[in-house]
Amino acid sequence: MLPSLQGKKGLVVGIANQHSIAWGCARAFHAAGAELAVTWLNDKAEPYVAPLAQQLDAVLAMPLDVEQDGQMEAVFAAIEQQWGQLDFILHSIAFAPAEDLHARVTDSSAAGFARAMDISCHSFMRMARLAEPLMRNGGCLLTMSYLGADEVIANYGLMGPVKAALEASVRYMATELGPKGIRVSAVSPGPLATRAASGLADFDQLLDDAARRAPLRRLVDIDDVGALCTFLVSDGARSITGDTLYVDAGYHILG
């Protein structure tokens, strides 16, 4: 049974379609009683995300491309006008240019590395900075990582160092924002068949290996991730911050 999020207001960033991790989380937040704002990347994504926002009874639904000046500020301005406060954020976006993602980390371009870091990592810091004054009574900031941050995963490439930076950022942000009652955590799901993951080479093999070797002998799904994230933004997790929490059927313990 999901914990109650009645009275809580949250922003979900990263829904692309009904297979997105962010959609599984948003659906769980909504079922637990939270009031939500959601974003889509651009005009191309809107037809896929807008109907999902309607299913969530989202109070706000807006475009957010973190590379576009002013869009993030516009989202938080709308949240302040609509609610005057914010209780949680789910940050579930990541990107690396294909030519850098599929190359050796050693050969990554400076521009590709910087872009991957900006979208996948620094955007979380920028969201935290804008959310901080709205979390007057504390709050929770969540972001999505992956096991490739901690160990070498074949074909994960450039995203490994980027996710490692994201997890380190979580620890520092948790320390800095903790005195204001703002908790910061990373969630690390097992491999999931999302649109973002489809860009990785031999991804089907990665899925098969995870299902075969994980202690629970199965893959996780977006509902598993949503259940964990719902707990983390709830008052029941009020003493949890600064960690990376795995939801991967135990795969990460194999080393």
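The values are calculated or read from the model by the stated rules, or taken from the named source; none is laboratory data. This one's a predicted model, so the numbers in the text were calculated from it and none came from an experiment. Cβ sites come from the backbone with ideal geometry, for glycine too, and all protein chains shown count toward neighbours.
Scanning segment 56-111 for residues that are of a type in the set (Asp, Glu) and in a helix (DSSP H, G or I) yields a total of 5. The number of residues in segment 230-248 being of a type outside the set (Gly, Ala, Ser), more than 8 Å from Pro3 (Cβ to Cβ) and not in a loop (DSSP other than H, G, I, E, B) comes to 6. Against the test of being more than 28 Å from Asp224 (Cβ to Cβ) and among the acidic types (Asp, Glu), the options Asp87, Asp100 yield a single qualifying residue, Asp100. In the set (1) part of a helix (DSSP H, G or I); (2) of a type outside the set (S, T, N, Q); (3) at pLDDT below 95, Met127 fails one condition alone, (3).
Within segment 23-37, the set of residues being surrounded by 23 or more Cβ atoms within 10 Å (Cβ to Cβ) and either under 14 Å from Ala227 (Cβ atoms) or among the β-branched types (Val, Ile, Thr) (or both) comprises Trp23, Gly24, Cys25, Ala26, Ala28, Phe29, Ala34. Within segment 40-50, the only residue that satisfies the criterion of being under 17 Å from Ile93 (Cα atoms), hydrophobic (A, V, I, L, M, F, W, C) and either modelled with pLDDT under 95 or assigned to a helix (DSSP H, G or I) (or both) is Val49. Inside segment 135-168, can you point out the residues that are farther than 15 Å from Ser188 by Cβ, in contact with a strand residue (DSSP E or B) (Cβ under 9 Å, 6 or more places away or on another chain) and surrounded by fewer than 22 Cβ atoms within 10 Å (Cβ to Cβ)? The answer is Met135, Gly138. Looking only at segment 204-220, which residues are touching a strand residue (DSSP E or B) at 6+ places or on another chain (Cβ under 9 Å) and either of a type in the set (S, T, N, Q) or surrounded by fewer than 18 Cβ atoms within 10 Å (Cβ to Cβ) (or both)? None - no residue of segment 204-220 is touching a strand residue (DSSP E or B) at 6+ places or on another chain (Cβ under 9 Å) and either of a type in the set (S, T, N, Q) or surrounded by fewer than 18 Cβ atoms within 10 Å (Cβ to Cβ) (or both), so the list stays empty. Which of the residues that make up segment 32-66 are farther than 20 Å from Ser123 by Cα and touching a residue at least 60 places away in the same chain (Cβ under 8 Å)? Those that are farther than 20 Å from Ser123 by Cα and touching a residue at least 60 places away in the same chain (Cβ under 8 Å): Ala32, Ala34.
Quick grid of which residues meet (1) modelled with pLDDT under 95; (2) out of contact with any Cys (no Cβ under 6 Å at 6 or more places or on another chain):
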position	(1), (2)
Met135	no, yes
Thr143	no, yes
Tyr146	no, yes
Tyr156	yes, yes
Lys163	no, yes
Thr175	no, yes
Gly178	no, yes
Arg183	no, no
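Would you point out the residue of segment 85-100, among those that are under 19 Å from the mean Cα position of the chain (by Cα) and among the aliphatic types (A, V, I, L, M), that is nearest to Gly7 (Cα to Cα)? Among those residues, the one meeting the criterion is Leu86. Just for segment 130-154: of the residues that are among the charged types (D, E, K, R) and outside any helix (DSSP H, G or I), which one is farthest from Val12 (Cα to Cα)? Here the residue is Glu151.
Before we move on, is Leu11 touching a residue at least 40 places away in the same chain (Cβ under 8 Å), more than 25 Å from Ala114 (Cα to Cα), of a type in the set (A, V, I, L, M, F, W, C) and surrounded by 14 or more Cβ atoms within 10 Å (Cβ to Cβ)? The answer is yes for Leu11. Applying the condition of being aliphatic (A, V, I, L, M) and either within 12 Å of the chain's Cα centre (by Cα) or surrounded by fewer than 23 Cβ atoms within 10 Å (Cβ to Cβ) (or both) to segment 38-48 and asking which residue is nearest to Gln71 (Cα to Cα) yields Leu41. Being part of a loop (DSSP other than H, G, I, E, B), crowded, with 17+ Cβ neighbours inside 10 Å and among the aliphatic types (A, V, I, L, M) is not true of Ala53.
Quick one: in segment 189-203, which of the residues that are in a loop (DSSP other than H, G, I, E, B) and at pLDDT 65 or above is surrounded by the fewest Cβ atoms within 10 Å (Cβ to Cβ)? Per the stated criteria, the residue is Asp202.
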